[in-house]
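To keep things clear, I will list the structure first and then write my remarks on it.
The values are calculated or read from the model by the stated rules, or taken from the named source; none is laboratory data. Remember, predicted model here, so these are calculated numbers, not experimental data. Here the Cβ positions follow ideal geometry from the backbone for every residue, glycine too, while neighbour counts run over all protein chains shown.
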Amino acid sequence: MYFNNVETRPGVGYPRHWEDQEKWKGGWTLDNSGKLALSTGSKTNRLMKLFFHPEQPELKDYFEPWTYDYETLIHGGRKNNQPVARPRSLVTKQKMEVTWGPNWDDDLAGGQHARSDVNLTKMGQDIVFDYEEVFMRYLPRLCNHCLNPACVAACPSGAIYKRDEDGVVLVSQDVCRGWRHCVPSCPYKKIFYNWETNKAEKCVFCYPRLENGLPQICAETCVGRMRYVGVVFYDMDKVEAMAATKNEQDIYENTLDLILDPHDPEVIKAARAEGISEAWIKAAQKSPVYKLVKEWGVALPLHPEYRTLPMVWYVPPLSPILQRVTSDVYLPDAHEMRVPVQYLANLFTAGNTEILARTLQRVLDMREYMRRRETGDGPIDHNVELTEDQMYGMYKLLALSKYNDRFVIPSDVKVSREGRLEMQQNRGFACPTGGCQ
């Protein structure tokens, strides 16, 4: 199951070229009247595709699973040459040549696959993969559990739904009939069809763990401690309008307007009126996600132009200084780093380089502030958007955060983390929504 994978960028990703929505028709678009419409077509159009969907990814776009003919090694007779275990398809059971697989282009940022990256082709200029200028970054991907999920709208059976209590998007295995319209409609290609069960499957955000105040497995086991989990409050009444923003480069900033300040007395009052427990309100006030996304503005959504309003956010990466400026600067400007700002903007801000450069500059300002704080060189000599307290708070969260700082998940189960694990294993789920009283 590749619900949670890490891709090398630049590269074609998994499945191949999943970002090419001209081909896959994933996500949402605006019709002639300016209203949201699925890119896969109207209801009538999708009905015509019920038994054959031309935008459906094929086996070759993922990979043909294979094993090796180990029987030849084990039971082969005496021969003059060393026996070879040749690859054999798990689908056809025939011998095959392996030409593609998951992470096939791993760490090949300057290779042939990198030149096919959709985000590079959008830049409208030649990228020279010279040794001094080559760049490579890893992009972890999982289901974004969007506020406006296209997969939910596209499912003919109504099997996919977004939970009211925590926003997790799930597939009902009892209701799913295997029409597979969810697969092409998801622009991130994070729904997979299981040929054994004839059901759609996806990341469930480890919701049984969330219900007991525990983070997702991918977050808890992350060696780099780079994943953060927290609660954000948002205005559901504005979701459709924000997703229908005419200029796709404005969708990110409009998404920020959806997210509410958990310290605002009016927001707290409204939350209590809606039956949200004190545990959830306190978790939202301590949420590391709210700080990164709204308060400091250093986290961005992946491809907001798909109009699904994804709720998995990324702090864009810094990179080494370009070779031509290394002798002149200590900490670079955003445009002087090896990864082109335009490339990152195509990933995270629908091509808006101004927002991307501003986001990177905030992280660079934090590094400059901490350097001057340690060396006693005085305040930063250029305009800085964040206060000193905010920059120091960002440093502590990104560099020194402990387990309870990275994972702020509401639960009224008054036991230790080890006790919650024991409860989950032995007694089921004591608090079904994670915030019950």
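Here are the numbers:
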{"item": "Odd one out for residue 107 among (1) closer than 16 Å to residue 60 by Cα; (2) surrounded by fewer than 12 Cβ atoms within 10 Å (Cβ to Cβ); (3) in contact with a strand residue (DSSP E or B) (Cβ under 8 Å, 6 or more places away or on another chain)", "result": "(1)"}
{"item": "Which listed residue is touching a Lys or Arg at 6+ places or on another chain (Cβ under 9 Å) and either among the acidic types (Asp, Glu) or without any contact (Cβ under 8 Å) to a residue 60 or more places away in the chain (or both), from 22, 7", "result": "7"}
{"item": "In segment 155-169, the residues that are crowded, with 23+ Cβ neighbours inside 10 Å and closer than 13 Å to residue 181 by Cα", "result": "155, 160"}
{"item": "Residue ID - surrounded by the fewest Cβ atoms within 10 Å (Cβ to Cβ), chosen from residues in segment 4-56 that are acidic (Asp, Glu) and not in a loop (DSSP other than H, G, I, E, B)", "result": "22"}
{"item": "Checking residue 226 against (1) over 16 Å from the mean Cα position of the chain (by Cα); (2) surrounded by fewer than 15 Cβ atoms within 10 Å (Cβ to Cβ), the condition it does not meet", "result": "(1)"}
{"item": "Residues of segment 291-305 that turn out to be surrounded by fewer than 22 Cβ atoms within 10 Å (Cβ to Cβ) and either without any contact (Cβ under 8 Å) to a residue 24 or more places away in the chain or in a loop (DSSP other than H, G, I, E, B) (or both), as a count", "result": "3"}
{"item": "Those residues of segment 190-207 which are in contact (Cβ under 8 Å) with a residue 24 or more places away in the chain and touching a helix residue (DSSP H, G or I) at 6+ places or on another chain (Cβ under 7 Å), in sequence order", "result": "191, 200"}
{"item": "Residue within segment 371-394 that is under 25 Å from the mean Cα position of the chain (by Cα) and of a type in the set (Phe, Trp, Tyr) present", "result": "no"}
{"item": "Positions within segment 81-121 being of a type in the set (D, E, K, R) and at pLDDT 85 or above, in sequence order", "result": "86, 88, 93, 95, 97"}
{"item": "Matching residues, segment 212-222, being closer than 19 Å to residue 3 by Cβ and part of a loop (DSSP other than H, G, I, E, B)", "result": "214, 215, 216, 221, 222"}
{"item": "Subset of segment 272-290 (residues that are surrounded by fewer than 18 Cβ atoms within 10 Å (Cβ to Cβ) and of a type in the set (Val, Ile, Thr))", "result": "none"}
{"item": "So residue 22, is it within 26 Å of residue 197 (Cβ to Cβ) and of a type in the set (Asp, Glu)", "result": "no"}
{"item": "Filter result for the condition that a residue is at positive phi, out of contact with any Phe, Trp or Tyr (no Cβ under 6 Å at 6 or more places or on another chain), surrounded by fewer than 15 Cβ atoms within 10 Å (Cβ to Cβ) and not aromatic (Phe, Trp, Tyr), over 351, 378", "result": "378"}
{"item": "Test set (1) of a type outside the set (Asp, Glu); (2) outside any loop (DSSP other than H, G, I, E, B); (3) farther than 29 Å from residue 212 by Cα; (4) modelled with pLDDT of 90 or more - residue 393 fails condition number", "result": "(3)"}
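Table: residues versus (1) touching a residue at least 12 places away in the same chain (Cβ under 8 Å); (2) in contact with a Pro (Cβ under 8 Å, 6 or more places away or on another chain); (3) assigned to a helix (DSSP H, G or I).
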| residue | (1), (2), (3) |
| --- | --- |
| 231 | yes, yes, no |
| 238 | yes, no, yes |
| 252 | yes, yes, yes |
| 257 | yes, no, yes |
| 281 | yes, yes, yes |
| 284 | yes, yes, yes |
